Amino acid sequence: MPIRFPKKKRRNVVRQAQHGDTPVPVGRHSTRVRLRPRSDWHKRNFLTSVLIPSLFVKRSGEYVPPQFPKVREGEICITWIGHASFLIQTYEVNILIDPIWSKWLKVIKRLKRPGFEIHHLPSIDFVLVTHAHFDHLDRRTLRRVAANQPIVVPTGVGNLVHDLGFHIVHELDYWQTVELGPLKISLTPCHHWGARFLADLHRDFGGFVIASNGRTIFHCGDTAYFPGFKEIGDRFSVDLALLPIGAYEAPTGREVHMNPEEAVRAFLELRAKTLIPMHYGTFPLGFEPLHEPPQRLLAAARAHGIAERVLVMTEGKPVVL
């Protein structure tokens, strides 16, 4: 059981011990995307066709004070903040995943405002960050959220958040689980990469399975499609699958994000009950129009006969499930 650490300590990071009965992860080292661009990546100019035009686009969305409902035992309340950021509320705790309220990712403009302002957040008990990319690990936002609560990150990411005001930093390797109050939080593999900068390839990345009172939520993090979804579905009984559907036409031509059709395939392999799309419509990270991903997702869901199991959320509007 982790113990309190002094805030003056340089690295306040606790790593889970390996147990003898922990299954060896399948493909442990096969999930990292290669950084080399596709050979024809230069045929389209992201700077002139997407980035510069986006600077002249007015941000959409409005800040509306959210009306968080009272969550009863056995219920889950999910609020999409935007991009991959979610507030998840159970009967007992409030969890924040990949929070980002920043208006810019360096030179990339945020085109859709968060669903509500950060000061409207309820008291946050736990924070989860899936990987170190700037659109998922936003230090400015995390510093404002930090209130001496625990934070959970993949191995190698702890030193980026340890000094922001969190009580303790839990680093997880793939398939490891940490118990925080009534929650069991497990890190799953994905097909992506976790470097904050090009040189620091030591940082891991993944998704989180959150189990609470018989309900299970899977936040996929950031990923391209890979065969590991079936194994995740075999290991966990997933109720709600939060899956990325945007940024699939990457400027480098690399396959680093799922497209909507692949998200439907992943959902079916997970054998989850409800699909909630994310990672679209907020930042212009690919060549595809911001409105395209949900349209393609619903078309693919109808083709597979699962349209009624897809929940397209609106930023800032809580949904109780």
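Points to keep in mind about this one:
- When each of the peptides 56-64, 218-226 is scored by the mean number of other C-beta atoms lying within 10 Å of its residues, the order from highest to lowest reads 218-226, 56-64.
- For the chain: rounded, prolate or oblate by the Cα gyration tensor [a/c cutoff 1.5]: rounded
- Here the gap between L55 and V107, fully extended at 0.36 nm per residue and compared with their Cα-Cα distance, gives a gain of 17.8 nm.
- Look at where the Cα atoms of region 272-321 and of region 140-188 average out, and the two centres are 27 Å apart.
- Solvent exposure of the chain, expressed per residue, is 46 Å² of accessible area, with all protein chains present and a 1.4 angstrom probe.
- Among 265-275, 133-143, sorting by the average number of other beta carbon atoms lying within 10 angstrom of each residue, highest first, gives 265-275, 133-143.
- For H191, distant residues with modelled amide H under 5 Å away: A224
- Across region 43-84, the fraction of Cα-Cα pairs farther apart than 11 Å, rounded to a whole number, is 79%.
- Greater than 25 Å apart at Cα, pairs in K43/K109; K70/K109; K273/K317; K112/K230; K103/K230; K70/K317: K70/K109; K112/K230; K103/K230
- Integer Hz, Karplus 6.51/-1.76/1.60 couplings in order for region 180-194, x for Gly and Pro: 10, x, x, 9, 10, 10, 10, 9, 10, x, 8, 10, 7, 7, x
- Prolate/oblate/rounded label for region 25-180 (Cα gyration tensor, a/c 1.5): oblate
- For I168, the residues 5 or more places off, or on other chains, whose built amide H falls under 5 Å of its own are I151.
- Scattering from region 104-162 was approximated by placing one identical point on each alpha carbon and applying the Debye formula without solvent; log10 I(q)/I(0) at 0.17, 0.18, 0.19 1/Å stands at -0.65, -0.72, -0.80.
- Scattering from region 195-321 was approximated by placing one identical point on each alpha carbon and applying the Debye formula without solvent; log10 I(q)/I(0) at 0.10, 0.14, 0.17 1/Å stands at -0.32, -0.63, -0.91.
- For region 51-56, backbone phi angles converted through the Karplus equation (6.51, -1.76, 1.60; θ = phi - 60°) give residue-by-residue couplings of 5, 5, x, 5, 5, 9 Hz, Gly and Pro being listed as x.
- Selected from G253, G228, G214 as most flexible by GNM, with the chain as the system and alpha-carbon contacts under 10 Å: G214
- In this structure the amide hydrogen of Q176, modeled in the peptide plane, comes within under 5 Å of the amide hydrogens of L187, none closer than 5 places in sequence on its chain.
- Solvent-accessible area, 1.4 Å probe, carbon plus sulfur percent, for the chain: 53
- Prolate/oblate/rounded call for region 99-199, Cα gyration tensor, a/c under 1.5 rounded: oblate
- Accessible surface, 1.4 Å probe, highest first, among residues D40, D163, D98: D163, D40, D98
- For region 258-298, the ratio of Cα radius of gyration to the globular rule of thumb 2.2 N^0.38 Å stands at 1.20.
- Estimated vicinal HN-Hα couplings, Hz - region 88-98 in sequence order (Karplus 6.51, -1.76, 1.60; Gly, Pro = x): 10, 10, 10, 4, 10, 9, 10, 10, 10, 10, 6
The values are calculated or read from the model by the stated rules, or taken from the named source; none is laboratory data. A quick note: this is a predicted structure, and the numbers were derived from the prediction, not measured. Here Cβ is always computed from backbone atoms with ideal geometry, including for glycine, and neighbour counts include all displayed protein chains. Protein only, heavy atoms only, side chains kept; ligands, DNA and RNA dropped before computing areas. Shrake-Rupley method; radii C 1.70, N 1.55, O 1.52, S 1.80 Å.
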